[in-house]
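Step one of this worksheet: look at the structure below.
The values are calculated or read from the model by the stated rules, or taken from the named source; none is laboratory data. Because the structure is a prediction, the values reported are computed rather than measured. Using ideal geometry, Cβ is built from the backbone for each residue, glycine included, and neighbour counts are taken over all protein chains shown.
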Amino acid sequence: MTVDESTLIRMLDEAAVRGLIVAVARITDEGDIEDYATLLCEDATWQLPGRAVVTGVKEIIESAQSRRAARLSGPDVHTRHVVSNTEVSVTGDEASARTYWQYFGTTDTAPTLKAFGNYADTFRRSADGWRFAGRFATSG
């Protein structure tokens, strides 16, 4: 079976978007928060359940740092953000994705599901590849 060029490009774009979603989950739990900057558009917006919208790389990183300070995530907190069932739609240099998420605590002893919901993400292609333009997370 051969795949035409437009199908191949779409598949590569979809894989890149899925990779960003996974990278954010991994950074949240065990990575360097500053690495978020490499995944975000400068004007990205971010809203997590029960929190105000934050805009721009600086505010998104500060928000992540505050969650780490509250011990809601981070390498030494034993949490896991699990993402699945991602649907990606690409139109030119913009993309959107819907993803299920699950948030587990006490993963070092007795993993416990603490919350779950949906991510509605948007992305833009930049000179450096795909980047998050926005995330709107809902619980339930």
(message) Out of everything in the stretch 102-111 that is part of a strand (DSSP E or B) and more than 23 Å from GLU14 (Cα to Cα), what residue ends up being farthest from the chain's Cα centre (by Cα)?
(response) GLY105
(message) Contact list please: Cβ distance under 9 Å, first residue in the stretch 1-12 and surrounded by 11 or more Cβ atoms within 10 Å (Cβ to Cβ), second residue among the hydrophobic types (A, V, I, L, M, F, W, C) and modelled with pLDDT of 95 or more, pairs at least six apart or on different chains.
(response) ILE9/VAL90; ARG10/VAL90
(request) Could you identify the single residue in VAL24, VAL17, VAL83, VAL88 that is closer than 23 Å to SER126 by Cα, aliphatic (A, V, I, L, M) and part of a strand (DSSP E or B)? (result) VAL88
(message) Which residue is farthest from ALA95 (Cα to Cα), if the candidates are limited to the stretch 41-59 and must be assigned to a strand (DSSP E or B) and without any contact (Cβ under 8 Å) to a residue 40 or more places away in the chain?
(response) VAL54
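This table checks each residue for (1) over 19 Å from LEU12 (Cα atoms); (2) surrounded by fewer than 12 Cβ atoms within 10 Å (Cβ to Cβ); (3) touching a residue at least 24 places away in the same chain (Cβ under 8 Å); (4) within 16 Å of the chain's Cα centre (by Cα).
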{"site": "LEU39", "(1), (2), (3), (4)": "no, no, yes, yes"}
{"site": "ARG80", "(1), (2), (3), (4)": "yes, no, yes, yes"}
{"site": "SER84", "(1), (2), (3), (4)": "no, yes, no, yes"}
{"site": "THR91", "(1), (2), (3), (4)": "no, yes, no, no"}
{"site": "SER96", "(1), (2), (3), (4)": "no, no, yes, yes"}
{"site": "TYR100", "(1), (2), (3), (4)": "yes, no, no, yes"}
{"site": "LEU113", "(1), (2), (3), (4)": "yes, yes, no, no"}
{"site": "TRP130", "(1), (2), (3), (4)": "no, no, yes, yes"}
